[in-house]
Structure formats: structure tokens, C-alpha cells
Amino acid sequence: MRLKRSLAAWLSIALTVPTGAFAQSSASNGVHGATAQAPTLEIGPLSSSAAPSLPDDIAPGVFGTYGGARSRFAGTAGADASLHAPVLNQQLPDLGDGSGGTLTPQAERKLGERVMREVRSDPDYLDDWLIRDYLNSIAAKLSAAASALYIGGYRPDFDLFAMRDQQINAFSLPGGFIGVNTGLIETTQTESELASVLGHEMGHVLQRHIARMISTNERSGYAALAAILFGILAGVAAHSADLGSAIVLGGQAYSVDSQLRFSRAAEHEADRVGFQLLAAAGYDPYAMATFFGRLDRAAMGDAGEPKYARTHPLTVDRIADMEDRARRAQYRQPRQSPEYGFVRARARVLQVRSRSDYADEISRMRSEIDDRTALNIAANWYGIALAQTLLERYDDASASLATARRLFEPTGSGEGGVSRSSPSLDVLAADIARRAGRGDEAVRLAGIAQHRWPDSHAAVDMRLHTLLSARRFAEAQALASQQTRADPQQPLWWRYLAQASVGTGDAVTQHRALAEKFALEGAWLSAIRQLKEARDIKTVGYYDLSAIDARLHDFEARYKEEREDEKNKG
């Protein structure tokens, strides 16, 4: 993903003008392309533009990313990032007056949402519900521990996501958004190790290190805040292994020396908060020190200096501190979800893209099984089944999945003699049947998955996908409608509702669903056009027409505000 120069200009202007002077602006594909033909459900690729060229030998940052690979600021290929306006938050965050104000939790969340629109447009953003659900399940346990321990007066709704990247890396963004590289998931050997990294990143969020960094330099004013935000986005856009360094470079008001001191303090604080969350949530308290130590040993360069240590100062002290805390912690049998192994294998497969890469991953997983080095044999067979599915070898995939299930679900192992299962196993079984053209079987298996895992977004997604593939549009429309009511901020459910409504011939619902989808993506003109088409349908009822008119007025007002923003920026 490459950052548009216009995005940097937008940030600089928006943050140097008094609060309230602007509503949100948008340069989205949907807005500028609204004069085209009727929109389809698939959004095409965005055009590319030059990314900023930034050095990689700058000071370590505040966000505690993992891994010692050199910075990827320059020369990263990817899609252009267009800034979309969210549906609910229509005013710029109140960042204070630059002299005595601070970044409020509400403003921090809004900033995070803006950055996330850039992240989601990155082709390396891994929009996989099984991985997202699992990461967020760990975050939920750690967040509950934070509440029980009264850690942090600010506990946002954490939203974790995966990036397709083999670097050992995780990063926290404003407002509770946390990115996790697939390379990090693969490198961990237990769920506790993965949870230790997530706890560390959550520690940065809970302690509000971004806001604290800004408040210590309040005299720099809005221009410095704009530069900081440019640095955040530039670091995300370039897949930087050190987001804090991007902030240092973006904000010239901050000296490298003071930033380094803050980074060290923030790292220690995040370590200690993360450790408390880890232990209180029932994970292995030694996991943090173990993982840090293994990375430190694995990252040793030719000169004897750990590459990881070069981007994480005081690594030895941090490991010693965590070991000391673990020794003093009360022992409890650490928890590990059975889903950990399957998600780890899934991340290994999905972080590569080509058919040859899938074949290579199959060979590696088979070798691990044969050499008895696999951490989880059932998970390796699951990964093999997933890779075979992507290679369209469906019979082989079914056989490999059956082996994984047999190893994971020994006969009579479950309660009452019923064998246990896993969302990953059940969802993949339905996906194999769907891709192989066995529509009725796919619907049946997806129904089983949804029944077993009613809170799984992945199971619901697969159920909707199989219903649409089997042309069972009425069932799909009912389920999609239910999901839009339960989670209206998820564009995917609106897209499914629109697709199902095409099949049932419900044009009014089709256009209204598409309008909501486009609005969530900031494509206001496309959303407005969909509502106008719904309003013009002759069969629309009185109550539907009233709701459409109210929504249309809302969307038009938001679009007008954005047009005014464009004039102000000009």
C-alpha cells in the first residue's frame, strides 16, 4: 500500500485548522467514480502512486513492534489508499488546543478508524474471519483481565486483524486497533506466547502511549500533530517494522533522543502491563520471557548483535524483568485453545500467494509430520488440506481434512461420546464442498458449523456464501438481514443482503443494502444514487419510502459537508 500525497496534505490542513472547521473529507473511489454505470458488488483495484521515501536507520519507536528486519519504508509495491469517511463519526477529532489539551479516547478511536481505512485497502490486509475471530477471542480474555485488575481507565473495543507478512511483527494503532503479522503467528509455539505479544500491544493502548507522546510535546501545536499522524500512516503504508520511528520522522518537533527515552519507558510499561494481563487471563507467565529470548537468539547477526535488539532497546533488561516477574507469579495450569494450532497452520498457508508456494508449504508440513517436528500433527494436516483446497485438489483436501479431524477428534472423546470439533475444521469442510460444486452438501455442512459456532463470524460468512452459491436466496436474505441488524457496521453483511435480494427480486432491499455498504466505505455519491434508485421504484411502500427519504437526507448532508471540506482545503 502506498500513501497518497493528498492524504498527507489532508491531515496537515485538517489538524492546523481550529476544531470543528471541517467535517470529514473523502477522496474515495466510490465518491469520484459515482458518475459511472450502476455499481457492482466488487470494488476494483485502486491506482498506485509514489510512496514517501524514508530512511530505515532512525530511532526505535513507541509502539513495540516485533522483529528485527530492516524498515520497509521505501519501494513497497501495493495499492493506492483512498481516504473514506466513516458513517457514524462526522466531525474531526477534538485534539485540544495544542497547549494544554490531550488526545481524548474518542478522538483516538476516530484516528484509528481513519488509519484502518488505509490498512484495509492494502493487498496484504488478510480479511480472514477465522484468524480475526481467534485473535479477538484472545484479546477478549486479556481485556477481561484488564477490567478485573482495574488496569487503564480507557478500555476500547479492541479490534485485531492480520497482515500477510512473514516479518515477526505486531503493531498497535490509535483507538484499540492492533495488527498482527502472519509471520508472528507462525513463529510462536504456544497460545501463551502469542497472547504475550498481544498483551504487550494492548498495554500500549491501555496506557495511551500515543496520547501521552503527543501531550508531552503539546507546545508544538497542531502542525506537530499533523506530522505525527502523517508518520503513523506512512509507517503503516510502508509496512514499517518500527511504526514509532515513522512518527519520529514525521514530527520534526520531536528530538530523536527524547523519543528514544520515551520508547524505552513505554516498552517497559507495556511489558509489565502485558505480563499482568497474561497471568490474570490464565496464560503461562513465562511465555513473554521465553518468546523474547527465542527471538533474541534467533535474530543474532554476523557481528554478534541481535537485529531484534537494534529495534528494541534494553532487550536483555526486558527479558530479565519478565523472568523475575514470572518466578514470583502464582502457578496455574496455562490455557491453550485447540483452535490455536489450526489458526497457526492457516496463517502459514495464507501468508503465501502462488500455487508453487502452496505446494511448497504442503511439502514442509508433511516433512514436519514425518520428522516428528510438527508442533501439532492435526494442525499440520489441516494446513495441508487448506493448501490443497487452494490448489483445487478437492479430493485430496477432503482426505487430509478427515485425517486432521480423526487426530483431533478421537472417537468418543467428547461429552456424552460426541467427538469435539473446531470452527476451523467445520468451516473448511463446508468450503471444500462449496468449491467442489457439491452445493447441497456445502449448505448442510455450513449449517452444522453455524449451529455449533453461533458466535463465529467465519461460520456465518460460510453459511451465507453456500446459500448464495446454491441459489437459496430467500434463506440467504433472511440470514443476511439478521446479521445487518446485529452488526450494522460490517459492510460484508450488507453486500450479502444485496446479493440475496437480487436473487429474490427484492429491488428495494437490494438498493438500500448497497447504499449502506457504500456509505460504510465512504462512497457517498454511490450510496446516494442507490437510495434514489430505491425511492424511484414504483412498488415501494409508504414506510419504506419514509425511511429511504430520511436516510437520503442524512447521506446528502454528509456529502455536502465533505464538499465544503474540499473547498476549505483548496
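By its C-alpha gyration tensor, with a ≥ b ≥ c as the square roots of the eigenvalues, how is the range 471-570 shaped: rounded for a/c under 1.5, else prolate for a/b larger than b/c, else oblate? Don't skip to the end; give the middle numbers.
Details: a/c = 2.55, a/b = 1.66, b/c = 1.53.
It is prolate, given that a/c is not under 1.5 and a/b is the larger ratio.
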- prompt: Of the lysine pairs in the range 471-570, how many meet both conditions: Cα atoms under 26 Å apart, and a spacing of 8 or more in sequence or different chains?
  reply: 6
message: Testing the spin-label approximation: label points 7 Å from Cα along Cα→Cβ at Thr504 and Arg444. State their distance in nm.
response: 2.6
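Report the relative contact order of the range 471-570, percent, no decimals, based on alpha-carbon pairs under 8 angstrom and at least 6 residues apart.
Working: 106 pairs, mean separation 19.6, N = 100.
It rounds to 20 percent for the range 471-570.
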task: Please work out the Cα center distance from the range 340-401 to the range 461-487, rounded to the nearest Å.
output: 29
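Quick check for me: using +1 on Lys/Arg Cβ and -1 on Asp/Glu Cβ, what's the dipole size of the range 471-570 about its Cα centre, in debye to the nearest 20? Provide the component values of the computation, followed by the final result.
Numbers: 16 positive and 16 negative charges, 53 e Å.
Computed charge dipole of the range 471-570: roughly 260 debye.
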task: Grab the Cα-Cα distance for Ala486 and Asp395, subtract it from 0.36 nm times how many residues apart they are, and report the gain in nm with one decimal.
output: 29.1 nm
Between the range 529-548 and the range 151-208, the alpha-carbon center distance in angstrom: 44
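Read-outs throughout are calculated quantities, based only on the coordinates presented, and are distinct from any laboratory measurement. Computed from a prediction, not measured in an experiment: that's the story for all the values here. Cβ coordinates were reconstructed from backbone atoms using ideal geometry, including for glycine residues, and neighbour counts include every protein chain displayed.
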